[in-house]
Amino acid sequence: MPVRVQVDDFDVTAETERLVGGRKDIGAIVTFTGRVRGEDDGRQVAALTLEHYPGMTETEMASIEAEAMARWPLQAALMVHRVGEMKAGDNIVLVITASAHRSAAFEAAEFLMDYLKTRAPFWKKETTPDGGSAWVEARAGDEDAADRWR
Amino acid sequence: MATDAKRRVRLVYFAWVREKVGLPSEDVELPEDVTTVETLIGWLKQRGPGYSDAFARPQVVRAALDKVHVKPATPLGAVREIAFFPPVTGG
């Protein structure tokens, strides 16, 4: 099952079609798209710069995806994460899960995002409209969300 | 572990750890008494103000040995690449 790290934007419809197109055994597809918010904790955000650890990122994403495939009856899954500079409103991350029934697809998509946020080595730096910048701090709530799958 | 062999490793830094240290990566020779992630952090902290700033709160800095997440007490063993970075914030 594929994972990708890329600078370019992604097209949700095209990615979904490429992943599951033509298959008759899939009754449920969940797609999650994460986008750059224009404000974070009251700060205006003009852009985000995403840095990652090449090699480790892909390995971690593949292991998270393999864990989801083992835990839920998924026919297919895809994770795409962008790196580089993104502006408010741009896509950052795409998760697609496909299964015979919806519950597995919904749950696995949440699991993939929760684990991605706490294990995959990506870091966000925010740029404000006045040109200031600061690294985004990890949220305790993200750890809590990942812990519920243990 | 053979104590006669010099242990050369690559250190890599990400996000604000990289900015504070002032380097994306470097090759270093580890002293014999540096055997775990936390003893390595202790050694790095003494290498200059950028390092002491980056590792001022060592409990906040995360580490990976050969691209696998590890805890501070993890032995370095025959590792080749050690990464230090803040808690991850992707997604």
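The values are calculated or read from the model by the stated rules, or taken from the named source; none is laboratory data. In this text, all values refer to a predicted model and were calculated from it rather than measured experimentally. Don't worry about glycine lacking a Cβ; one is built from the backbone with ideal geometry, like all the others, and counts go over all protein chains shown.
Counting only residues that are assigned to a strand (DSSP E or B) and more than 10 Å from chain B (Cβ to nearest Cβ), which one in the range A:127-137 is nearest to B:PHE84 (Cα to Cα)?
Looking at the filtered set, the residue picked out is A:SER133.
Scanning the range A:75-123 for residues that are free of Cβ contacts under 8 Å to residues at least 60 places away in the same chain and assigned to a strand (DSSP E or B), which turns out farthest from B:ARG62 (Cα to Cα)?
Restricting to residues being free of Cβ contacts under 8 Å to residues at least 60 places away in the same chain and assigned to a strand (DSSP E or B), the top hit is A:GLN75.
Looking for something more than 12 Å from chain B (Cβ to nearest Cβ), over 22 Å from A:ARG139 (Cα atoms) and either under 16 Å from the mean Cα position of the chain (by Cα) or part of a strand (DSSP E or B) (or both) - is there at least one such residue anywhere in the range A:30-52?
The answer is yes, given that some residue of the range A:30-52 is more than 12 Å from chain B (Cβ to nearest Cβ), over 22 Å from A:ARG139 (Cα atoms) and either under 16 Å from the mean Cα position of the chain (by Cα) or part of a strand (DSSP E or B) (or both).
Which ones in the range A:98-115 are in contact with a strand residue (DSSP E or B) (Cβ under 7 Å, 6 or more places away or on another chain) and either more than 30 Å from A:ILE26 (Cα to Cα) or buried (at least 20 other Cβ atoms within 10 Å of the Cβ) (or both)?
Residues satisfying the conditions are A:ALA98, A:SER99, A:ALA104, A:ALA105, A:ALA108, A:ALA109, A:LEU112, A:MET113.
Is the range B:65-75 home to any residue that is farther than 21 Å from A:PHE122 by Cα, touching a residue at least 40 places away in the same chain (Cβ under 8 Å) and either surrounded by fewer than 20 Cβ atoms within 10 Å (Cβ to Cβ) or in contact with a Pro (Cβ under 9 Å, 6 or more places away or on another chain) (or both)?
Taking every residue of the range B:65-75 in turn, at least one turns out to be farther than 21 Å from A:PHE122 by Cα, touching a residue at least 40 places away in the same chain (Cβ under 8 Å) and either surrounded by fewer than 20 Cβ atoms within 10 Å (Cβ to Cβ) or in contact with a Pro (Cβ under 9 Å, 6 or more places away or on another chain) (or both).
Residues to consider are A:ALA70, A:ALA140; find the one that is out of contact with any strand residue (DSSP E or B) (no Cβ under 7 Å at 6 or more places or on another chain) and either within 19 Å of B:PRO86 (Cα to Cα) or acidic (Asp, Glu) (or both).
The match here is A:ALA140.
For every residue, the table says whether it meets (1) surrounded by 13 or more Cβ atoms within 10 Å (Cβ to Cβ); (2) closer than 30 Å to A:LEU78 by Cβ.
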residue	(1), (2)
B:VAL12	yes, yes
B:VAL21	yes, no
B:ASP27	no, no
B:GLU32	no, no
B:VAL37	yes, no
B:LEU44	yes, no
B:GLY48	no, no
B:ALA78	no, no
B:PHE85	yes, yes
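Going residue by residue through the range A:72-84, is there one that turns out to be more than 16 Å from the chain's Cα centre (by Cα), modelled with pLDDT under 95 and among the hydrophobic types (A, V, I, L, M, F, W, C)?
Looking through the range A:72-84, none of the residues is more than 16 Å from the chain's Cα centre (by Cα), modelled with pLDDT under 95 and among the hydrophobic types (A, V, I, L, M, F, W, C).
Restricting attention to the range B:51-66, does a residue exist that is among the charged types (D, E, K, R), in contact with a Lys or Arg (Cβ under 9 Å, 6 or more places away or on another chain) and not in a helix (DSSP H, G or I)?
yes
Going by the conditions given, is B:VAL12 under 18 Å from A:PRO121 (Cα atoms) and β-branched (Val, Ile, Thr)?
yes
Where the second residue is of a type in the set (Val, Ile, Thr) and the first is away from every other protein chain (no Cβ under 14 Å) and lies in the range B:12-37, which pairs have Cβ atoms under 7 Å and are six or more apart or on separate chains?
The qualifying pairs are B:VAL28/B:VAL9; B:LEU30/B:VAL9; B:GLU32/B:THR3; B:ASP33/B:THR39; B:THR36/B:THR74; B:VAL37/B:VAL70; B:VAL37/B:THR74.
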